[in-house]
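Derivation of every value follows stated rules applied to the coordinates shown; laboratory data play no part. It should be emphasised that the depicted structure is a prediction, and the values quoted were computed from it without experimental measurement. Glycine gets a Cβ as well: all are built from the backbone with ideal geometry, and neighbour counts include every protein chain shown.
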Amino acid sequence: MIPADVALLRTPGTPALSPDGTTVVVAVTAPDLDSDEYAGQLWRMPTDGSHPPVRLTRGHRDTSPVWSPDGRWIAFLRAERRGKPQVHVVEAAGGEPVALTDAPLGASAPRFSPDGTRLAFLARVPEEGRYVPGEDAGAEPPRHITTFTYRGDNLGFFRDRPQHVFVLDVPQDPTPGELPTAVDLTPDAEDVSGAEWLPGGERLVAISAVHAGRDEDLRRDAVLVDAPAAAPRAPLVPLTDAAAGSRLSVDAVRPSADGRTLWLLASDQGPGGKDFVAAQTGLFSLDLGAVLAPPAAGEAGAAPGVVPVRHTDPETVDLVPGILVDAGDEVLVADQRRGAVVLVALPAAHRPAGPAETVEGRTLVDGPLVVLGADARPGSTVVVASVAGPDSAGDVLALDLSAGERRLTDLSAALRSTGRLHLPRELTATAPDGYPVHGWVALPASAPGAGPVPTILMVHGGPFAQYTHALFDEVQTLVEAGYAVVYGNPRGSAGYGATHGSAIRHAFGTVDADDVLALLDAALADSALGLDADRVGVMGGSYGGYMTAWLTTRTHRFAAAIVERGFLDPVSFVGSSDIGWFFGLGYLGDAATPEGAAALAAQSPMAHVGDVRTPTLVIHSENDWRCPVEQGQRWFVELKRRGVPAELLLFPGEGHELTRSGRPRHRVVRLEHVLRWWAQHLPVERMG
């Protein structure tokens, strides 16, 4: 890839399967360099592959399709240029979409009621006088903060605009310009996500933190939301109930079609509610029949004492939080495994609470692939999934029990036709303590210069995340420019079990540093790869920015470095990051005591910045609230004042997700600067 090829990255969203299982609708989006936004439309295709996909909508950015139960309508989100997404409906056979909402801050997550007469959606509700288009935000009253959590990266302040569940009646014949009345179901101060209808159609389940200690821990409950035809907003009723001792942080909810079971994706946050390090996301079930039993005289709300049951192994299985599908006799989930994300079908059988007993499922999508989303219908033999791979940013697959697997799209054909894609090969290494390390090396087709190929070591963020088999634009751009790239999943990463993920708790920069260097050295030592051990660079973002900076405090072997959106000073991070109040304390420790301060300094790049000699490009976003911009600015200044060659590249208006979802032009410019830096400090052609 070259930087401009970013515009060819066409990515499918979660596919939506029709009620009869014959048709799938999916949103396909891509960076649009002209509008400097992400544009895309909905596409319709038969699951049997009998004819190619047909464009269903032609808006600027159409996403998140869902079918009505009778198969007549598709509800979806449409955003005009520079606009907020609003719920629209279009007939599944085609036609002109009609808007149903005009939420001031936009809408999300439309869901039809079981009988199709109503539609629920999420929308943020601003305080009076805040977030008014065209008004001077600087003239608003001050924000009075009393909680640890009050803002989020890529979101901004949210206590003054909580996310609520709304319901509207779906018109029989929607008329352009006539918006149905949307009813807010959520108490004013509560913030909810992930709302799904219960089969009866009078209640929804959602996710919210409603317990007394919600501002001091990470637990979130599955909650019950009343949705009567006409009634005042009722309090949210916890179903998992952190107030009664639940340790779960719930990420997704999905009621079974028969209404007997509530399926949950959640992680156990430990007795204190903040034991998040390498907490594996698992599948849980809750007996809805028992929890929603009529209350005894004098009681209200859900029945007490009913607890979720875990179905997956807490040590080896770590599910992707966004994929949870009720398929009738099975539940579909996606498991992270050694750089892959595989689709697994688990038996849909709730068990009474008792001794831990995990269940085995059958794998539907495996191999060097990454499942992005999936859908199925109870009683249907068809499963549809969006899947990325080494040569594809994503395609739609149909999995039929009788006909096997069909690939319904070829969205990366234009990118492959450039001839600028390079398939990586897997790499294994052994750390100094004998631990196995897994990763990849990507090589240019041929070295433009004479002799061995210069090499860049790349480190991912997280740290509890994983590099995957999916097409990676940053690697592809470097390889096309003539560099070999070594990247992998050191201890601390996801996808290799809880022990692997928690190995760096209070030990940042120890075995994880050993692992990434072991991968690099294994690649350099393999003569068949043709790498140049004397010309090596290092780069990474977020935790990868931490590791890049950390390595440059420990060795001078690298010709240059790129430290991007880095976690560089754990002391200032505590008070400046949106997650600072718990992240550094959980991973590196607390500086409240002399012993704790010494342990923290032993893991801090900033405490050792005086040892750096490596020329460094610091890249940061001005609106990054995950790793605040002060982290990058201070690293740059400390290097400059010590005479280390350093540059600072700041992106206005961007947050922590610049490289993945930032403005398309910013993504292209960033890649151009990355190539410029390496051409200056690690030229592909040998000098002299």
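Converting the Cα gyration tensor eigenvalues of the chain into ellipsoid dimensions via √(5λ) gives semi-axes, longest first, of 41, 29, 26 Å. Using the rule -39500 (n - 2.57) for each DSSP H run of four or more residues, divided by the residues of the chain, the 222 nm mean residue ellipticity is -4000 deg cm²/dmol. Projecting the Cα atoms of Pro176, Leu198, Ala266 onto the charge dipole of the stretch 117-414, computed from C-beta unit charges around the Cα centre, puts Ala266 farthest toward the positive end. Modelled label positions at Thr117 and Arg81, each set 7 Å beyond Cα in the direction of Cβ, lie 4.2 nm from each other.
Taking amide H as placed 1.01 Å from N in the peptide plane, Ala227 has its amide H under 5 Å from the amide H of Arg203, Leu204, each at least 5 places away in sequence or on another chain. Fully extending the segment from Ser527 to Ala234 would add 98.6 nm, taking 0.36 nm per residue of separation and subtracting the current Cα-Cα distance. Once both labels are positioned 7 Å from their Cα atoms along Cα-to-Cβ, the gap between Thr316 and Ala189 label points is 4.6 nm. If a spin label sat at a point 7 angstrom from the Cα of Thr181 along the line to its beta carbon, the backbone N atoms of the stretch 206-248 nearer than 13 Å would be those of 229-232.
Annotation: peptides 141-154, 87-100, 213-226, ranked by per-residue average of other Cβ atoms within 10 Å with the highest first, follow the order 213-226, 87-100, 141-154. Potential lengthening of the chain between Thr593 and Gln172 amounts to 145.0 nm, from the contour at 0.36 nm per residue minus the alpha-carbon distance.
Coupling constants for the stretch 408-418 follow from the phi torsions by the Karplus curve (6.51 cos²θ - 1.76 cosθ + 1.60, θ = phi - 60°), and in residue order they are 8, 9, 9, 6, 9, 4, 5, 5, 5, 5, 5 Hz; glycine and proline get x.
As a test, work out the antiparallel percent of DSSP beta bridges whose residues both lie in the stretch 422-681, rounded to the nearest 5.
On the way: 11 of 35 bridges.
Once the DSSP bridges in the stretch 422-681 are tallied, antiparallel ones form about 30 percent.
Remark on Ile456: its backbone amide H falls under 5 Å from those of Ala484, Val485, Val486, Gly537, a criterion applied only to residues 5 or more positions apart or on other chains, H modelled at 1.01 Å from N.
Amide H to amide H distances under 5 Å link Glu405 with Asp400, where only residues 5 or more positions off or on other chains count and H is placed in the peptide plane. Per-residue packing, averaged as other Cβ atoms within 10 Å, sorts the ranges 537-548, 104-115 into the order 537-548, 104-115, beginning with the highest.
Applied to the stretch 149-157, the Karplus parametrisation 6.51 cos²θ - 1.76 cosθ + 1.60 on θ = phi - 60° returns per-residue 3J(HN,Hα) values of 9, 8, 8, x, 4, 6, 10, x, 5 Hz, with x for Gly and Pro. Legend: translational diffusion of the stretch 422-681 by Stokes-Einstein, Rh = Kirkwood radius over C-alpha pairs, 4 °C, 1.567 mPa s; D = 71 µm²/s. Working from label points 7 Å from Cα in the Cα-to-Cβ sense, the Arg159 to Ala99 distance is 3.3 nm. Taken one residue at a time, the phi angles of the stretch 97-107 give Karplus couplings (6.51, -1.76, 1.60, θ = phi - 60°) of x, 10, 6, 10, 9, 9, 4, x, 10, x, 10 Hz. Gly and Pro are set to x. Taking each residue as 0.36 nm, the span from Ala601 to Ser417 lengthens on full extension beyond its C-alpha to C-alpha distance by 61.2 nm.
When a/c reaches 1.5 or more, the comparison of a/b and b/c decides; with that in mind, is the stretch 566-688 rounded, prolate or oblate per its Cα gyration tensor? Taking the square roots of the gyration eigenvalues as a ≥ b ≥ c, the stretch 566-688 is oblate. Value of Rg to Rh for the stretch 122-163, rounded to two decimals, is 0.95; Kirkwood radius and Rg both from alpha-carbon coordinates. Restricting the stretch 601-688 to trypsin sites (Lys or Arg not before Pro) that sit in a DSSP loop and have at most 12 other Cβ atoms within 10 Å of their own Cβ leaves Arg641.
Rounded to the nearest 0.05, the FRET efficiency derived from the C-beta distance between Gln633 and Asp136 at R0 = 30 Å is 0.65.
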